[in-house]
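The structure under discussion appears below in the form of structure tokens.
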Amino acid sequence: MKNSKNQGLHLRFLTVTGVIAGLYTALTLLLAPFSFGIVQCRLSEALTILAAYHPAGVAGLTVGCALSNLVGLSMGANVAGALDILLGTLATGLAAWLSYALRNVRWGGLPVPATIPPVVLNALIVGTELTLVLGPVNLPTWLWWMGSVGLGQVIACIGGGLLLAYSFQKSGLDKRLSNNSFTNR
């Protein structure tokens with residue numbers, strides 16, 4: 001009986017991971033001109049707030065980002081190229097993990113601090129990536145790319161993420177997401 005229960009929990013975790021990865025990938029590719037552009041605002045990054053509610057958010061966001069970057073490269077939309085598959089995914093994965101670590105820190109009932117890691121890490125890592133790929137490699141260019149990516153992340157993660165969190169809170173979905181199962185009603 002215990003083994004069956006563990007298998008059910010693992011299956012549920014994998015299912016939630018897959019749904020989050022699929023949503024992230026679909027939203028990124030649907031909005032590809034904004035997701036991969038030189039000045040980018042990847043609205044799918046609003047989903048990073050899910051890591052503050054469910055541990056599957058970390059894996060789902062990381063897998064979704066890797067798939068998005070891979071497909072974006074094959075479509076010719078990903079201006080950063082193959083480097084983005086590694087570094088962009090690393091930025092999103094680390095940010096999701098830190099957002100999960102901050103899941104219990106709330107301001108006004110919302111996981112506001114959990115929105116900060118995706119902004120900071122993507123600005124630093126993807127900003128550096130774009131500087132290396134698009135150049136020239138110097139401090140003003142690096143600051144420009146960091147600022148550009150950071151602004152897009154503020155819009156998506158803080159603006160969009162907190163709007164999602166507020167919607168979750170008003171609908172009661174935050175409780176269902178946070179209890180790590182979707183069977184309780």
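Just one of the numbered conditions (1) more than 21 Å from L87 (Cβ to Cβ); (2) modelled with pLDDT of 95 or more is not true of G108: (2). Listed by first and then second residue, the pairs linking a residue in region 133-147 that is under 16 Å from G81 (Cα atoms) to a residue that is among the small types (G, A, S) and surrounded by 12 or more Cβ atoms within 10 Å (Cβ to Cβ), with Cβ atoms under 7 Å apart and 6 or more places separating them unless they lie on different chains, are V133/A80; V133/G81; W145/G127. Would you confirm, using the coordinates I've provided, whether T28 is open to solvent by 30 Å² or more (accessible area, probe 1.4 Å) and part of a helix (DSSP H, G or I)? Against the criterion (open to solvent by 30 Å² or more (accessible area, probe 1.4 Å) and part of a helix (DSSP H, G or I)), T28 does not qualify. Considering the conditions (1) within 18 Å of C157 (Cβ to Cβ); (2) part of a loop (DSSP other than H, G, I, E, B); (3) open to solvent by 40 Å² or more (accessible area, probe 1.4 Å), I38 is excluded by exactly one of them, (1). Scanning region 42-54 for residues being open to solvent by 30 Å² or more (accessible area, probe 1.4 Å) and either within 8 Å of the chain's Cα centre (by Cα) or modelled with pLDDT under 95 (or both) gives a total of 0.
Residues in region 40-56 that are within 21 Å of V71 (Cβ to Cβ) and aliphatic (A, V, I, L, M): L43, A46, L47, L50.
Figure legend. Inter-residue proximity from region 1-22: first residues surrounded by 14 or more Cβ atoms within 10 Å (Cβ to Cβ), second residues part of a helix (DSSP H, G or I) and of a type in the set (S, T, N, Q), beta-carbon distance below 9 Å, spacing 6+ or different chains. Indicated pairs: A21/T62.
Checking each residue in region 29-48 for being in contact with a Phe, Trp or Tyr (Cβ under 8 Å, 6 or more places away or on another chain) and not charged (D, E, K, R) picks out Q40, C41, L43, S44, L47. Could you grab me the full set of residues in region 1-25 that are under 13 Å from the mean Cα position of the chain (by Cα) and not β-branched (V, I, T)? Across region 1-25, the qualifying residues are A21, G22, L23, Y24.
The values are calculated or read from the model by the stated rules, or taken from the named source; none is laboratory data. The shown structure was predicted, so the numbers you read here are calculated from the model rather than taken from an experiment. For neighbour counting, all protein chains shown are included, and Cβ atoms are generated from backbone atoms with ideal geometry for every residue, glycine included. For accessibility, only protein heavy atoms count, side chains too; no ligands or nucleic acids. Shrake-Rupley method; radii C 1.70, N 1.55, O 1.52, S 1.80 Å.
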